[in-house]
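Here is the structure we will look at, set down as C-alpha cells.
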Amino acid sequence: MISVVISYSSNERRFFDAMIEECSKFSDNIIVSCLGRFFDGEIDKGLIEVLSNDKFKNVCFLVDDTNQYETFKDKHNGVRWNAIENCQYDHIMFLDGDEIPNGDLMKLYLDTKEYQKYHAVGFKCYWYFRDARYQATALEECGIIAKKSFMTKPVVFHEAERGNFTNITNNYVRNQMWNGEPIMHHFSWVRTKEEMLRKVKSWGHTNDRDWKPMIEEEFSR
C-alpha cells in the first residue's frame, strides 16, 4: 500500500470527486494538502465546499493559513512538505489536484510491487485541453512515487519541485505505463480561458514560459 499526497490549488474542485474516487481504489491513506486561499490570495470557494462535504470524511485534509511560504515555488513545495508526516507508508504518490490516475490500472501496477525496487517512479500521461473530451495525441509525464525516507526538506524545497525527486538518486525509473497504456491523466488545461490566464499568473511555473500567447493560441480554436 502507498500513501497519496494531493496538492490542491487553482480551481480544482471540478476534478476532486473523480480524484478521490480513483485514488481510493489503491490507497487508504489520502492526504489533501493546500493553502486556505489561491496563490494570489483570494479565498477558494471550491475548497470550502470540499472541506464541508461529508463524503470525503475518510480523507485527511491539511489547510495551511500561516502564509509562511513567500515564493510561488515554495507554496507548491510547502503543501507537499506539510503532508509528509501524515503519510503512513514507505512510499508516497505525489499528485497535483488536476492529475487523476486510472485507479484500476494503478492498482494493477502497484500490485506488481515493481515500484518498490526504486527510490522514485514517474508515469506517462495524457494531457487534456479546454474540456475533458479533448485529449492530446502526444504523451507527457505527471505524478511521481517516492520513498518517504528520501523526502528531506532540502529535497522537497527545490527549484525543480517534484522533478528533484529523481535527481537525488540513480535508482529511479520514469515513463511507467500499464501494458502500454498511460495510467495518469492530466487536466491542467481543462479550464476556461480566464481561469487559465489567472492560473499562470500565480503558480510555481509562472516564469518558466511566456504562457499568455500559448493560452491565446489554444483557445483560438
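The values are calculated or read from the model by the stated rules, or taken from the named source; none is laboratory data. Note that the coordinates shown come from a computational prediction; the quantities given were computed from them, not determined experimentally. We place every Cβ from the backbone using ideal geometry, glycine too, and count neighbours over all the protein chains shown.
Could you tell me whether M177 is within 26 Å of A120 (Cα to Cα), of a type in the set (A, V, I, L, M) and either modelled with pLDDT under 95 or buried (at least 17 other Cβ atoms within 10 Å of the Cβ) (or both)? When the stated conditions are applied, M177 does not pass them.
Among residues of segment 71-94 that are more than 10 Å from M151 (Cβ to Cβ) and at pLDDT 95 or above, those with a Cβ under 6 angstrom from a residue that is in a helix (DSSP H, G or I) and of a type in the set (D, E, K, R), sequence gap 6+ or separate chain, pair up as D90/K148.
For segment 127-141, the candidate set comprises residues that are assigned to a strand (DSSP E or B) and of a type in the set (D, E, K, R); within that set, the residue that is farthest from P182 (Cα to Cα) is D131.
Scanning segment 136-173 for residues that are closer than 21 Å to D98 by Cβ, in contact with a helix residue (DSSP H, G or I) (Cβ under 7 Å, 6 or more places away or on another chain) and among the charged types (D, E, K, R) returns a single hit, E161.
Elements of the type helices (runs of 4 or more DSSP H) sitting completely within segment 1-118 and holding at least 3 residues that are under 12 Å from the mean Cα position of the chain (by Cα): these cover 13-23, 72-84.
Taking the stated definitions as given, is E85 among the acidic types (D, E) and surrounded by 15 or more Cβ atoms within 10 Å (Cβ to Cβ)? So E85 fails the test.
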